[in-house]
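Input: a single structure, listed below in structure tokens.
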Amino acid sequence: MIENIDNALIDWSRAQFALTAMYHWLFVPLTLGLGVIQAIMETIYYRTGNEAWKKTAQFWMKLFGINFAIGVATGLILEFEFGTNWSNYSWFVGDIFGAPLAIEGILAFFMEATFIAVMFFGWEKVSKRFHLASTWLTIVGATLSALWILIANAWMQYPAGMQFNPDTVRNEMFDFWAVALSPVAINKFFHTVLSSWIVGALFVTGVSAWYLLRKRHVEFALSSIKVGAVFGLVASILTLWTGDGSAYQVAQKQPMKLAAMEGLYKGGNGIGLVGVGVLNPAKESYDDGQDPFLFHVELPKLLSLLAERDVDAYVPGIADLIEGGYTTHEGTPALSAEEKIARGKIAIQALADYRKAVKDKDTEAASLHRERLEKNFPYFGYGYIKDPAELIPHVGLTFYSFRVMVILGSLFILLFVLALIWERRGKMAETRWLQYALLWSIPLGYIAGQAGWIVAEVGRQPWAIQDILPTNASISRLDPSSVQVTFFLFLLLFTVLLIAELGIMVKAIRKGPEENAPANNQPIDNPEK
């Protein structure tokens, strides 16, 4: 393992990976969300035979294709960075982490690549049924791709189904299904994909609202808003449900992340949930005696209910997790951070002693050292932590990002409800304030998604793999300047790709569905007829 690594190398490596991941996530949610919406529209065409719905689906499919192509490029670079910037991580857990990524590439990606060609170019070459199946299989492939990537990410948050092999100094998978079907993985998949559906719905309703503001393609826009708003409302409600499940999993598996999300320094029984609040910038340490908030509004006992399904349950705060001593779910006293660090150092030393004993062919000593290693391995990663304060993620960034995500999610529910009410009343085409609200909600959907990932990834720091491997022991031995150079090269490349995509998208939207939709103001039949 790596010791005495330059902090600049760690910071720049993290920054580069964060840059790549955040740019990639600008494209993925629209792919997942818009793909389902276009498939729904084609299904309506298949069932009704109305050519207007075919042309509507083709218009949104064109925008889907533009976004899909750019997303693939950024995703490939993201996976390569595990080998270039995080080689220690890849060595230590590659046998486990690589499996979901391999399945994603072999199964899901090839499934997308196979059927996407039929979806785009097979309209007049294959039957309606086969084309519809190809459209759905394309988005199923994209969703399966997200599934396996999210399973890999969930394993980093909750490493299950693994065992450490001291002979190879690698973690090995012994239970594939424990990795693939862990509660964290399943919940993360549904929460992430459903939130992506919201982005797709916001995009469709927002672009359609722009046509209404310009008084162009009114019937086309109204029909698209109806499909998008229904889809978005269903996705929003389901996202709210999975968000509750995510909070519960975080409380059970990553209590420090939950404490940072709530700015909770001192825990207790019957803890309330902070609705809104402003953190105290003067608070610099978990034990400095400063009040965590300048002000906050709290919903009584709600955090205990969300975290433990009991309004009077105990929820540990940051100070409790550092100092230990409270009663865990297993009924045992929680170890302090200092005790975990000490046990981690024992595990690291036991590994070194075991390997030396094996080299010296001292089987008895090797057996004793291996037993000591296995006993303390759950705290292996803590051995690389120098100060207990390193175990606390950035509270401000995690706290505010969580509230941005929740507040915007609530706003989206309201917008979808209003859009459906006004559409049903026949007033959508004349209500300009709602049209503007829908239009400007498009970037808000992306902001909510990025905030969610900040909570997930910043909130688990300093861990690359929870409790097993910290970030400072995961990186490659590189010159920090080389990472700086590639950071700015990627920043330039991704910015150019983003500008190119936006330019192509805007050009296609401004052109409108003249060639791909019914004539302006020509009614589209109700799909329920």
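The values are calculated or read from the model by the stated rules, or taken from the named source; none is laboratory data. Computed from a predicted model, the values in this text were never measured in an experiment. Note: ideal-geometry Cβ built from the backbone for every residue, glycine included; neighbour counts use all protein chains shown. Ligands, DNA and RNA are excluded from the accessible area calculation, which covers all protein heavy atoms including side chains. Shrake-Rupley method; radii C 1.70, N 1.55, O 1.52, S 1.80 Å.
Scanning the stretch 356-370 for residues that are under 12 Å from Asp167 (Cβ atoms) and surrounded by fewer than 16 Cβ atoms within 10 Å (Cβ to Cβ) turns up just one, Lys359. In the stretch 63-86, the residues that are farther than 15 Å from Ala500 by Cα form Cβ pairs under 6 Å with partners that are assigned to a helix (DSSP H, G or I) and of a type in the set (S, T, N, Q), at six or more places apart or across chains, as follows: Ile77/Thr20; Leu78/Thr20; Phe82/Ser90; Gly83/Ser90; Asn85/Ser13. Candidates in the stretch 324-342 are the residues that are among the acidic types (Asp, Glu) and without any contact (Cβ under 8 Å) to a residue 24 or more places away in the chain; of these, the one that is nearest to Tyr286 (Cα to Cα) is Glu339.
Restricting to the stretch 26-50, count the residues that are hydroxyl-bearing (Ser, Thr, Tyr) and buried (at least 24 other Cβ atoms within 10 Å of the Cβ).
Let us first name the residues in the stretch 26-50 that are hydroxyl-bearing (Ser, Thr, Tyr), namely 31, 43, 45-46, 48.
Adding the requirement that they be buried (at least 24 other Cβ atoms within 10 Å of the Cβ) leaves 31.
Adding up the residues that qualify gives 1.
Taking the criterion of being of a type in the set (Asp, Glu) and more than 17 Å from Ala251 (Cα to Cα), the residues of the stretch 321-345 that qualify are Glu323, Glu338, Glu339. Would a scan of the stretch 404-411 turn up a residue that is in contact (Cβ under 8 Å) with a residue 24 or more places away in the chain, in a loop (DSSP other than H, G, I, E, B) and touching a Ser or Thr at 6+ places or on another chain (Cβ under 9 Å)? Within the stretch 404-411 (the criterion being in contact (Cβ under 8 Å) with a residue 24 or more places away in the chain, in a loop (DSSP other than H, G, I, E, B) and touching a Ser or Thr at 6+ places or on another chain (Cβ under 9 Å)), the answer is no, since none of the residues qualifies. Scanning the stretch 422-431 turns up one or more residues that are open to solvent by less than 20 Å² (accessible area, probe 1.4 Å) and without any contact (Cβ under 8 Å) to a residue 40 or more places away in the chain.
One line per residue, one yes/no per condition, for (1) touching a residue at least 12 places away in the same chain (Cβ under 8 Å); (2) touching a helix residue (DSSP H, G or I) at 6+ places or on another chain (Cβ under 9 Å); (3) assigned to a helix (DSSP H, G or I); (4) more than 20 Å from Trp60 (Cβ to Cβ):
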position	(1), (2), (3), (4)
Ala102	no, yes, yes, yes
Met111	yes, yes, yes, yes
Trp136	yes, yes, yes, no
Leu147	yes, yes, yes, yes
Pro159	yes, yes, no, yes
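The residues of the stretch 454-497 that are out of contact with any Ser or Thr (no Cβ under 9 Å at 6 or more places or on another chain), in a loop (DSSP other than H, G, I, E, B) and within 25 Å of Ser401 (Cα to Cα), listed by number, are Arg460, Gln466, Asp467. Taking the listed residues Pro300, Pro316, the one that is surrounded by 20 or more Cβ atoms within 10 Å (Cβ to Cβ) and within 15 Å of Asn269 (Cβ to Cβ) is Pro316, with no other qualifying.
Any idea which residue in the stretch 152-186 is surrounded by the fewest Cβ atoms within 10 Å (Cβ to Cβ), counting only those that are farther than 30 Å from Ser367 by Cβ and not hydrophobic (A, V, I, L, M, F, W, C)? Filtering the stretch 152-186 for residues that are farther than 30 Å from Ser367 by Cβ and not hydrophobic (A, V, I, L, M, F, W, C), the one surrounded by the fewest Cβ atoms within 10 Å (Cβ to Cβ) comes out as Pro183.
Out of Thr205, Thr168, Thr192, one residue alone is of a type in the set (Val, Ile, Thr) and part of a loop (DSSP other than H, G, I, E, B). It is Thr168. Evaluation of Phe64 against the conditions (1) surrounded by fewer than 20 Cβ atoms within 10 Å (Cβ to Cβ); (2) within 30 Å of Thr495 (Cβ to Cβ); (3) aromatic (Phe, Trp, Tyr) shows that the sole unmet condition is (1).
Have a look at Leu321, Leu306 and point out the one that is modelled with pLDDT of 95 or more, among the hydrophobic types (A, V, I, L, M, F, W, C) and under 26 Å from the mean Cα position of the chain (by Cα). Reasoning before the result, please.
Details: Leu306 fails: modelled with pLDDT of 95 or more.
Exactly one of Leu321, Leu306 is modelled with pLDDT of 95 or more, among the hydrophobic types (A, V, I, L, M, F, W, C) and under 26 Å from the mean Cα position of the chain (by Cα), namely Leu321.
When the stretch 328-347 is filtered for residues that are in a helix (DSSP H, G or I) and not β-branched (Val, Ile, Thr), the ones remaining, listed by number, are Ala337, Glu338, Glu339, Lys340, Ala342, Arg343, Gly344, Lys345, Ala347.
Here is a yes/no grid of residues against (1) part of a loop (DSSP other than H, G, I, E, B); (2) aliphatic (A, V, I, L, M); (3) closer than 30 Å to Glu42 by Cβ:
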site: Ala247; (1), (2), (3): no, yes, no
site: Val278; (1), (2), (3): no, yes, no
site: Ala282; (1), (2), (3): yes, yes, no
site: Val297; (1), (2), (3): no, yes, no
site: Asp312; (1), (2), (3): yes, no, no
site: Asp320; (1), (2), (3): no, no, no
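The residue that is farthest from Asp479 (Cα to Cα), counting only those in the stretch 79-120 that are of a type in the set (S, T, N, Q) and surrounded by fewer than 20 Cβ atoms within 10 Å (Cβ to Cβ), is Thr114.
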